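> Dropping the structure in here first, questions after.
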């Protein structure tokens with residue numbers, strides 16, 4: 001295992017981790033000694049290459065098992081890239097996040113238990129980004145204006161639930177009306193991958209802008225109605 005790790009430029013712990021996830025075929029054994037061959041080195045390099053494209057290890061596992069085709073793998077990589085991959089954005093532990101944001105870790109965990117997530121899951125642990133720090137600081141600013149924390153948590157939870165449902169419907173629509181037709185009609189996996197990624201990259205900012213603009217307009221209309229109503 002030490003020789004395999006050195007040949008692939010990874011740590012022994014990484015090899016063990018990949019093996020625990022089923023990403024590597026079982027080695028040959030002689031008593032207590034495990035022997036690895038060229039196929040294990042090829043597999044590790046494949047896993048690393050897919051990770052660099054932005055795929056999670058769960059997605060990498062599906063590619064290796066043949067459950068996720070080339071086109072879908074490239075689409076998954078494009079989605080991961082938009083979210084911010086580990087190589088393009090620093091991921092912070094809870095303790096680092098708490099230190100940089102100035103918010104106690106216990107309060108962050110309490111808020112997340114209320115159904116208001118800040119970070120994302122990486123393996124079995126939560127990780128946070130600089131963007132999450134900014135969101136926490138904005139939330140603190142709202143508290144400084146005197147808005148009660150329980151009311152803000154309720155509002156954030158309701159918004160998260162509504163947005164999650166809207167996102168699910170949007171993804172289902174993309175899957176049925178864009179992704180599947182491309183897969184069924186493209187001349188090759190490479191062509192399907194290119195068309196899917198292009199469609200995703202064009203639709204994502206359009207949908208995001210549409211939702212943001214509409215929410216801002218509705219929010220201002222509600223504010224105007226309340227101000228005018230209270231003035232009477």
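Readers should treat all values here as calculations from the given coordinates under stated rules, not as data from a laboratory. In this text the structure is predicted, and so the values were computed from the model without any measurement. Note: ideal-geometry Cβ built from the backbone for every residue, glycine included; neighbour counts use all protein chains shown.
> At 0.36 nm per residue, and after removing the present C-alpha to C-alpha distance, how many nm does the segment from residue 70 to residue 206 gain when stretched out fully? Could the numbers behind the result be given before it?
Values: separation 136, 0.36 × 136 = 48.96 nm, distance 2.55 nm.
Extra length from residue 70 to residue 206 when fully extended: 46.4 nm.
> Quick check on packing: order 105-113, 143-151 by the mean number of other C-beta atoms within 10 Å, highest mean leading. If you can, show how the numbers build up before the last one.
Values: 105-113: 14.2, 143-151: 9.6.
Answer by packing, highest mean first, reads 105-113, 143-151.
> At 7 Å along Cα-to-Cβ for each site, give me the label-to-label distance between residue 155 and residue 172 in nm.
Label at residue 155, label at residue 172, 3.0 nm between them.
> So for segment 1-131, averaging the separation of alpha carbon pairs under 8 Å that are six or more residues apart and normalising by length, what relative contact order in percent results?
Working: 98 pairs, mean separation 20.2, N = 131.
Value for segment 1-131: 15 percent.
> Further question on the same structure: Given R₀ = 35 Å, what would the calculated FRET efficiency be for residue 7 paired with residue 105, taking r from the Cβ atoms and rounding to 0.05? Provide the component values of the computation, followed by the final result.
On the way: r = 40 Å, r/R0 = 1.14.
Efficiency computed from Cβ-Cβ geometry: 0.30.
> Counting residues in the chain as N, plug N into 2.2 N^0.38 Å and put the Cα Rg over that result. Kindly include the intermediate steps, with their values, before the conclusion.
On the way: Rg = 23.0 Å, N = 232, 2.2 N^0.38 = 17.4 Å.
Output field value: 1.32.
> Please list the radius of gyration and Dmax for segment 2-81, considering alpha-carbon atoms only, with Å as the unit.
13.5, 45
> Here is a follow-up. Multiplying the sequence separation of residue 164 and residue 190 by 0.36 nm and subtracting their Cα-Cα distance, what value in nm do you get? Don't skip to the end; give the middle numbers.
Details: separation 26, 0.36 × 26 = 9.36 nm, distance 3.12 nm.
Residue separation times 0.36 nm, minus the Cα-Cα distance, leaves 6.2 nm.
> So for segment 90-147, Kirkwood radius off the Cα pairs, Stokes-Einstein at 25 °C and 0.890 mPa s: how many µm² s⁻¹? Provide the component values of the computation, followed by the final result.
On the way: Rh = 11.6 Å.
Using the Kirkwood radius from Cα pairs, D works out to 211 µm²/s.
> Sticking with this structure for a sec: How high is the relative contact order of the chain, in percent, with contacts defined as C-alpha pairs under 8 Å that are six or more residues apart?
Numbers: 146 pairs, mean separation 35.3, N = 232.
Computed value for the chain: 15 percent relative contact order.
> Looking at segment 166-232 from every direction and averaging, what is the projected area of its Cα convex hull in nm²? If you can, show how the numbers build up before the last one.
Values: hull surface 20.6 nm².
Average projection, Cα convex hull of segment 166-232: 5.2 nm².
> Another question, then. First measure r as the distance between the Cβ atoms of residue 90 and residue 57, then evaluate 1/(1 + (r/R0)^6) with R0 = 22 Å and state the FRET efficiency to the nearest 0.05. Each step should come with its number before you reach the end.
Details: r = 19 Å, r/R0 = 0.87.
The value I calculate is 0.70.
> Now, a different point. Please find, in a Gaussian network model of the chain (springs between Cα atoms separated by less than 10 Å), the residue of 217, 201, 121 whose mean-square fluctuation is greatest.
Maximum fluctuation in the GNM of the chain, among the listed residues, is at 217.
> If you wrap a convex hull around the Cα atoms of segment 7-137, how much volume per residue is inside, in Å³? Kindly include the intermediate steps, with their values, before the conclusion.
Details: hull volume 19.0 nm³, N = 131.
In segment 7-137, the Cα hull volume divided by residue count equals 145 Å³.
> Tell me the mean residue ellipticity at 222 nm calculated for the chain from its helices only (DSSP H runs of n ≥ 4, each -39500 (n - 2.57), averaged over every residue, nearest 500). Working shown, then result.
Numbers: 11 runs with 161 residues, N = 232.
Rounded to the nearest 500, the figure is -22500 deg cm²/dmol.
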